[in-house]
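Undergrad: One structure is given below, represented as structure tokens, and several questions about it will come after.
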Amino acid sequence: MQVYFIRHAIAVPGGAPGVVDDASRSLTREGIVKMRKQAAGLVSMGIKLNQIWTSPYTRARQTAEIIAEAFEMAVSPRPLDALAPGGLFDKTFDMLASHAKLKEVALIGHEPDLSETISRLLTGMPGPFVQLKKGGVACVEIDDFNPPCRAKLAWLLVPRQLRGLA
């Protein structure tokens, strides 16, 4: 399975007018424009997503919708509480393991949780092995979900590189 860890695009800052709480923060216009180009870059790589799972937070859901539109997905992105800030690695891992027959899955979430999940998959430890920029993507390959799960980092692209592929 190839798992694409995607950090949400640029969002309005906390405390901005109209922002009730962190979960309601939406993407900025700049974030939407850049994410559309970054999604086009992913499409140009020949990726074929089976499913998109997203944090239930507004900015992540909006990012997931942009990705789904770019990939012309027939299935809507699936909200997953484990991808919300502070979500649990074990629940995310269990979801992936229970869908091990899928070939390519995108997970849209937040930092530092995505980086910690990647680190645990690659090293077995939660340290900051990688750090995703807003709209950045890391592709992790998982061949076997049996403990101890050992994944491989296939690639990591920053937003500018993705936009350059579009």
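The values are calculated or read from the model by the stated rules, or taken from the named source; none is laboratory data. Keep in mind the model is a prediction, meaning the values are calculated, not measured. Here the Cβ positions follow ideal geometry from the backbone for every residue, glycine too, while neighbour counts run over all protein chains shown. Side chains included, ligands, DNA and RNA excluded: accessible areas come from the protein's heavy atoms. Shrake-Rupley method; radii C 1.70, N 1.55, O 1.52, S 1.80 Å.
Undergrad: Calculate how large, on average over all directions, the projected area of the Cα convex hull of the chain is; give the answer in nm² to one decimal. Could the numbers behind the result be given before it?
TA: Working: hull surface 35.6 nm².
Its Cα hull, projected and averaged over all orientations, spans 8.9 nm².
Undergrad: Hey, what's the Kirkwood Rh for segment 52-117 if you take every pair of different alpha carbons, in angstrom?
TA: Values: mean 1/r = 0.0834 Å⁻¹.
When all Cα pairs of segment 52-117 are included, the Kirkwood radius is 12.0 Å.
Undergrad: What ranking of VAL20, VAL3 comes out by heavy-atom accessible area, probe 1.4 Å, highest first?
TA: Solvent-accessible surface, decreasing: VAL20, VAL3.
Undergrad: Counting only the backbone N, which residues of segment 85-111 are under 14 Å from the spot 7 Å out from the Cα of GLN131 toward its beta-carbon?
TA: Under 14 Å, as judged by backbone N against the label point of GLN131, lie 111 of segment 85-111.
Undergrad: If you rank LYS48, LYS101 by how much accessible surface each has, with a 1.4 Å probe, what is the order from largest down?
TA: From most accessible down to least: LYS101, LYS48.
Undergrad: Mark the label point 7 Å from the Cα of ALA16 along Cα→Cβ and return the residues of segment 36-75 whose backbone N is within less than 12 Å of it.
TA: The answer is 59, whose backbone nitrogens lie closer than 12 Å to the label point.
Undergrad: Ok, one more. Starting from 0.36 nm per residue, how many nanometres of slack lie between ALA23 and THR123 once their C-alpha separation is accounted for? Before the final figure, lay out the partial values.
TA: On the way: separation 100, 0.36 × 100 = 36.00 nm, distance 3.01 nm.
That works out to 33.0 nm of additional length.
Undergrad: Largest first, how would PHE129, PHE5, PHE89 line up by accessible area (1.4 Å probe)?
TA: Greatest to least solvent exposure: PHE129, PHE89, PHE5.
Undergrad: With a 1.4 Å probe and all protein chains kept in place, how much accessible area does ARG150 have, in Å² rounded to the nearest 10?
TA: Per-residue accessible area (ARG150): approximately 130 Å².
Undergrad: Of LYS101/LYS133; LYS34/LYS133; LYS91/LYS133; LYS103/LYS152; LYS48/LYS103; LYS37/LYS133, which pairs sit farther than 19 Å apart, going by alpha carbon to alpha carbon?
TA: Correct reply: LYS101/LYS133; LYS91/LYS133.
Undergrad: What nm distance separates the two modelled labels at CYS149 and MET45, each placed 7 Å from Cα along Cα→Cβ?
TA: 1.9
Undergrad: Then there's this: Could you pull the Cα extents of segment 21-64 along its three principal axes, largest to smallest, in whole Å?
TA: 37, 23, 8
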